[in-house]
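A short write-up of the structure that comes next.
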Amino acid sequence: MKIRIKGNSVRYRLTQSEVARLGAEGFLEEKVDFAGKKLIYSIITAKHNKLSVEFTGNMIALHMSKVMIEELCNTDKVGFGDTSGHVSLLVEKDFVCIDKVEEDQSDNYPNPNLAC
């Protein structure tokens, strides 16, 4: 799971296995170590039908409904967007990049813009 933060927007990008795990477990979490401190970012199943986010202590927790998670897992839907206060939120499937990149993309979704 990757996050991209720019200004008042937060975007979560999920690989195929992460989408499957989110569907099965209803929860994803990653941790980043910063000189003895941790930043934790997660997706948590919520009861309400919109995306929301909270930032508490060292954790960014994005709340996503079970209905959205099931749709992400079981359809071709690429992602969901919403706002939480002044923050723009996006959760999306992570596609293979068209440009050459150094990172492992073996678990990313096939990019529909790439010629086979």
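The values are calculated or read from the model by the stated rules, or taken from the named source; none is laboratory data. The shown structure was predicted, so the numbers you read here are calculated from the model rather than taken from an experiment. We place every Cβ from the backbone using ideal geometry, glycine too, and count neighbours over all the protein chains shown.
Sub-9 Å Cβ pairs linking a first residue in the range 7-22 that is on the phi > 0 side of the Ramachandran plot to a second residue that is part of a strand (DSSP E or B) and not hydrophobic (A, V, I, L, M, F, W, C), at least 6 apart or interchain, are GLY7/SER88, ordered by first then second residue.
Sort out which residues of the range 74-110 are modelled with pLDDT under 80, of a type outside the set (Phe, Trp, Tyr) and within 13 Å of THR15 (Cβ to Cβ), and write them in order of number. Write out each step before concluding.
So the first thing to find is which residues in the range 74-110 are modelled with pLDDT under 80, and the list is 95-110.
In the following step, the residues that additionally are of a type outside the set (Phe, Trp, Tyr) were identified as 96-108, 110.
Within the range 74-110, VAL96, CYS97, GLU103, ASP104, GLN105, SER106, ASP107, ASN108, PRO110 meet the criteria.
Return the residues of the range 20-46 that are more than 17 Å from LEU89 (Cα to Cα) and either of a type in the set (Lys, Arg) or buried (at least 17 other Cβ atoms within 10 Å of the Cβ) (or both); say none if nothing qualifies. Within the range 20-46, ARG21, LEU22, LYS31, LYS37, LYS38 meet the criteria.
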